[in-house]
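The values are calculated or read from the model by the stated rules, or taken from the named source; none is laboratory data. Predicted, not measured: the structure shown is a model, and the values here were computed from it. Cβ placement follows ideal geometry from the backbone for every residue including glycine, while neighbour counts extend to all protein chains displayed. Just so you know, the surface numbers come from the protein's heavy atoms only, side chains and all, with ligands and any DNA or RNA stripped out. Shrake-Rupley method; radii C 1.70, N 1.55, O 1.52, S 1.80 Å.
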Amino acid sequence: PAALRLGDTPQVLWSVQAAALQRSVPAQDWDENPFLSGPLTALTAAQGLVFVAAADEHRVAALDAVSGQARWTFTAGGRIDTPPTVQDGLCLFGSHDGWVYCLEAASGRLAWRFRAAPSDALMMAYGQMESPWPAPGSILVRDGVAYFAAGRHPCSDTGVRVFAARARTGDLLWEKVLDALPFKDFYSPMLPSRKKAGLDFEPVDMLVSDGDAVAMSRWRFEPASGKHRLLLESIEYS
């Protein structure tokens, strides 16, 4: 189709049902999950395909971007809460079963998977079984390295584990464990007037590229070594 111009009305080329409309018995518990915004994640588009995760169904699907026809579907062992990452012909995502998966983007074939959780223990959460150390769906890939984390909070279930692995092979480069905070109450002595630090309820999940560093929440990691520090106030990297 011709390119859209300012003021044009977009036209629907295709639509597909990518997740089940019928909810099962624990639907109310599922709907109370604050980490999911609906039955489908946002879309990722690359290589002529559209990728989406059906969160509660533990599935990632690839659709033809022109026709909407299903190319492949892959079922993981737990919920997938955010869109998969597509980079260099790979489709990477984390799951609430505590594993990180890497698929060939064109075929959906499993290239590798990595257990980010320290064990295969499971617990009930929002109507489904999942790991005490869930891995967020979206994976940061930077310079051929995948960065991801598993866990809920540094002070819960032995902490949060942060990893760097080669995106192509899954080979581990480094692992760090965040299992403590530098203060013992809600108010940090590291801040003027003992201000509330906010880390008691702050999500610990996806990593992002932050200048020369890799960041998760207010932790900053050196990409090559994993050396890290906690920053409670805004800082600019030169």
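Loop-located trypsin sites (Lys or Arg not before Pro) in the range 84-151 (DSSP state other than H, G, I, E, B) with a sparse environment of at most 13 neighbouring Cβ atoms within 10 Å: Arg109. Each residue of the range 43-58 was assigned a 3J(HN,Hα) from its phi angle through the Karplus curve 6.51 cos²θ - 1.76 cosθ + 1.60 (θ = phi - 60°); the sequence is 9, 10, 10, 6, 6, x, 10, 10, 10, 8, 10, 8, 4, 6, 8, 6 Hz, with glycine and proline shown as x. You can think of it this way: the chain between Asp171 and Leu13 has 52.8 nm of extra reach, that is 0.36 nm per residue less the Cα-Cα gap. Ordering 89-98, 49-58 by mean Cβ neighbour count within 10 Å, with the highest value first, yields 89-98, 49-58. Remark on Trp72: its backbone amide H falls under 5 Å from those of Ala62, a criterion applied only to residues 5 or more positions apart or on other chains, H modelled at 1.01 Å from N.
Rounded if a/c is under 1.5, else prolate if a/b is larger than b/c, else oblate: which is the range 36-189, with a ≥ b ≥ c the root eigenvalues of its Cα gyration tensor? Prolate is the answer for the range 36-189, as a/c is 1.5 or above and a/b outweighs b/c.
Using a Förster distance of 35 Å, how high is the FRET efficiency between Ala224 and Thr73, based on the Cβ-Cβ distance and rounded to 0.05? For R0 = 35 Å, the calculated efficiency reads 0.45. HN-Hα J couplings of the range 62-73 from phi, Karplus 6.51/-1.76/1.60, θ = phi - 60°, integer Hz, Gly and Pro as x? Once θ is set to phi - 60°, the couplings for the range 62-73 become 10, 10, 5, 5, 8, 9, x, 5, 5, 9, 6, 9 Hz.
For the range 1-123, carbon and sulfur atoms together expose 55% of the accessible surface, with a 1.4 angstrom probe and every protein chain in place.
Simple point charges give the picture: +1 on the Cβ of Lys and Arg, -1 on the Cβ of Asp and Glu, and for the range 22-93 a dipole about the Cα centre of about 200 debye. For the range 201-231, the set of trypsin sites (Lys or Arg not before Pro) satisfying both a DSSP loop assignment and a count of at most 15 other C-beta atoms within 10 Å is given as Lys227.
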